[in-house]
Each structure stands twice: as C-alpha cells, then as structure tokens.
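The values are calculated or read from the model by the stated rules, or taken from the named source; none is laboratory data. Note that this is a predicted model, so its numbers are computed, not measured. Here the Cβ positions follow ideal geometry from the backbone for every residue, glycine too, while neighbour counts run over all protein chains shown. For the accessible areas, the whole protein counts, side chains as well, though only heavy atoms, and no ligand, DNA or RNA atoms are used. Shrake-Rupley method; radii C 1.70, N 1.55, O 1.52, S 1.80 Å.
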Amino acid sequence: MTTALITEIVGYTAAICMVCGYLPQAIYTIRTRDTDGIALPTFLLLGAGSIFFVIQGLLLSNWPLVITNTITTVSSAIVFGIKVHNDRRKRRKN
C-alpha cells in the first residue's frame, strides 16, 4: 500500500467518524428541541474549528476534510440556533 492510499483511507475514516459523532446530536436536538445538556461555548468552538477545517480543506483540495467539516459546521449551526432560541425563551419566562 502506498503512503498516499493510506493517507486517503485515514482521511475518509476520520470523515466518517466525525459525521457519525456530530449527526446524532444534531438529529436528537432537532427532534426533541432539548438543549439543556449542551454547553454553548463548546458548540461555538467546535463550529469555529469546523469552519477553519473547511478553509484548510479547500486550500489543500482535501475533499474529505471539506465535506466532513461542512456537515459538522451545518450541524453545529443548527444546534447553536436551537440552543440560543431555547435559552432566550427560558429567560423570558423568568
């Protein structure tokens, strides 16, 4: 096996792991609207990191990096939006 092939396999494996890590949380949050257990700073930093990885992937023409982190950025943005909405609603009730 060549180094390039191993690198590509590792990249796609990482992409699958990242998407499988983010999507369940996003799907759960979209379905239940439950964001009580979500730390907003954590999701902001994860989302920012994903954005930077998209940029890096574009600069390197690394499509697994671009695709994976586009999915995780969108997932983070959705969860962030629901979290902010829920937090505002809770503040209004108090």
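Of the residues Leu45, Leu23, the one with the largest accessible area comes first in the ranking Leu45, Leu23, computed with a 1.4 Å probe on protein heavy atoms. Calculated FRET efficiency, Val74 to Asp36, Cβ-Cβ distance, R0 = 30 Å: about 0.85 to the nearest 0.05.
The stretch between Met1 and Leu58, if pulled fully straight at 0.36 nm per residue, gains 17.9 nm over its current Cα-Cα span.
Karplus-based coupling profile of the stretch 31-47, in residue order and whole Hz: 5, 9, 6, 8, 10, 4, x, 9, 8, 4, x, 4, 5, 5, 5, 5, x, with θ = phi - 60° in 6.51 cos²θ - 1.76 cosθ + 1.60 and x standing for Gly or Pro. Taking the convex hull of the alpha carbon positions in the chain and averaging its projected area over all directions gives 6.6 nm².
The mean accessible area for residues of the chain, using a 1.4 Å probe and ignoring ligands and nucleic acids, is 69 Å² per residue. Nonpolar atom fraction for the chain, defined as the carbon and sulfur part of the 1.4 Å probe accessible area, stands at 70 percent. Couplings for the stretch 13-24, taken from phi via the Karplus curve 6.51 cos²θ - 1.76 cosθ + 1.60 with θ = phi - 60°, read 5, 4, 4, 4, 4, 5, 5, 5, x, 7, 4, x Hz in order; Gly and Pro are left as x.
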